[in-house]
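Everything below concerns the one structure shown next.
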Amino acid sequence: MRRLKSVAAAAFVLAFAGQAEARPLRVMSLDQCADQYVLALAPDADLALSPRADDADSWMKDAAAGRRRIRPTLEAAVGFQPDVVVRYWGGEPRLLAALERRGTRVVTIRDAADLNAVRDVVRTVSEGLGQASRGRAMVARFDQQLSRIAPRPKGSALYLTAGGFTAGPGTLIGAILAAAGYANLAASPGFAAVSVERIALQPPSLFVLGFFDQIRSDWRGPGRHPVVRRAAEGRTAARLPAAALSCPAWFAADAAAILADAR
C-alpha cells in the first residue's frame with residue numbers, strides 16, 4: 001500500500017512538473033490542522049491558509065505571518081485554483097465534490113490514535129504534497145525527540161481539559177501520557193466527560209491539564225470549576241499548551257517532552 005502511495009505521489013509531481021516551471025505549486029488549506037502541515041512541509045509553495053492559521057492555538061502561527069488566508073469555500077477555491085487541497089475536518093461537501101470533479105488532489109489528514117499513526121499521517125501528507133523527503137526528515141526528528149525522553153515511571157495522572165473532558169486508551173493523548181512515563185487514570189477507551197463530583201470525591205493524585213491556556217475557551221467549563229481548581233493545586237504535573245494538542249501531528253513529541261520534563 002505504501003509503495004502504491006509513493007507511485008501515486010510521484011505521478012502527481014510529474015503531472016504538475018510543466019506548470020511548476022511557470023509558477024509554484026498552489027496549495028489550499030481548509031482548516032487549522034492542515035495549515036500546520038502545509039507550512040511545515042511546503043513552505044515554498046503558493047499557500048492559501050485558513051483564517052485560523054495564526055491563532056494562539058496554532059503550533060505554526062509564527063510561520064503563518066504574512067501568508068495569504070482565505071475562507072474554505074467553493075468560491076475561494078475557484079478563485080485560487082489550487083493544485084492540491086489539504087484538510088483535516090474542514091471543507092463542506094459541496095466544496096469537496098467540486099474539487100473532485102475538477103481533478104484537484106485532496107489530501108486528508110487522518111486521526112491518529114497513537115504515535116505510529118502520527119508517523120503515517122506525516123508520510124501521507126508529505127507524499128501528497130510531493131515532499132516525501134521532508135516528510136522522512138520530519139519523522140526522523142520526531143523519533144529523535146521521543147528517544148531523548150527518559151523512560152521512567154512518573155505515577156498515575158488524569159488528563160483534563162478546561163471543558164471537562166479526559167482521554168483514555170486509544171487516543172493520541174493517551175499515547176503521549178505513556179510516552180512521557182505516566183499511567184493514565186482514564187480507563188475507558190476514547191474521550192469522556194469528567195464530572196466535578198467525581199473529582200471532589202476521588203481527586204486524582206496528579207493532573208495533566210490541556211487547553212487551559214485558552215483563557216476565553218470553555219471559561220465556564222467543568223475543568224475551571226473552583227472545586228477542580230482546588231483539587232489540582234499542588235497536584236498538576238504539567239499544563240500542555242493548546243497549540244501542542246490541536247492536531248494529530250509531529251508536535252505530539254513536543255507535548256510528550258513537556259510532560260516528561262515536568263517531574
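The values are calculated or read from the model by the stated rules, or taken from the named source; none is laboratory data. Bear in mind the structure is a predicted one, so any value in this text is a computation, not a measurement. Ideal geometry is used to build each Cβ from the backbone, glycine not excepted, and the neighbour counts take in all protein chains shown. Remember, those area values only see protein heavy atoms, side chains included, never the ligands or the DNA or RNA. Shrake-Rupley method; radii C 1.70, N 1.55, O 1.52, S 1.80 Å.
Return a yes/no flag: does region 235-245 have any residue that is open to solvent by less than 40 Å² (accessible area, probe 1.4 Å) and either among the charged types (D, E, K, R) or over 30 Å from residue 108 (Cα atoms) (or both).
Yes, the conditions are met somewhere in region 235-245.
The rows are residues; the columns are (1) touching a residue at least 40 places away in the same chain (Cβ under 8 Å); (2) farther than 26 Å from residue 142 by Cα; (3) open to solvent by less than 50 Å² (accessible area, probe 1.4 Å).
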position: 194; (1), (2), (3): no, yes, yes
position: 197; (1), (2), (3): no, yes, no
position: 206; (1), (2), (3): yes, yes, yes
position: 212; (1), (2), (3): yes, no, yes
position: 217; (1), (2), (3): yes, yes, yes
position: 226; (1), (2), (3): no, yes, no
position: 230; (1), (2), (3): no, yes, no
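For residues that are closer than 22 Å to residue 248 by Cβ and outside any loop (DSSP other than H, G, I, E, B), tally how many sit in region 77-92.
4
Return only the number of the condition from (1) over 20 Å from residue 37 (Cα atoms); (2) open to solvent by 40 Å² or more (accessible area, probe 1.4 Å); (3) touching a helix residue (DSSP H, G or I) at 6+ places or on another chain (Cβ under 6 Å) that residue 74 does not satisfy.
(2)
Can you run down the residue pairs with Cβ atoms below 9 Å, 6 or more apart or on separate chains, where the first is in region 21-36 and at pLDDT 95 or above and the partner is acidic (Asp, Glu) and outside any loop (DSSP other than H, G, I, E, B)?
Listed by first residue and then by second, the contacts come to 25/46; 26/46; 27/46; 29/35.
Filter region 147-177 for residues that are surrounded by fewer than 20 Cβ atoms within 10 Å (Cβ to Cβ) and in a helix (DSSP H, G or I) and give the result.
147
Is it fair to say residue 186 is open to solvent by less than 70 Å² (accessible area, probe 1.4 Å) and either touching a helix residue (DSSP H, G or I) at 6+ places or on another chain (Cβ under 7 Å) or part of a helix (DSSP H, G or I) (or both)?
Criteria not met by residue 186.
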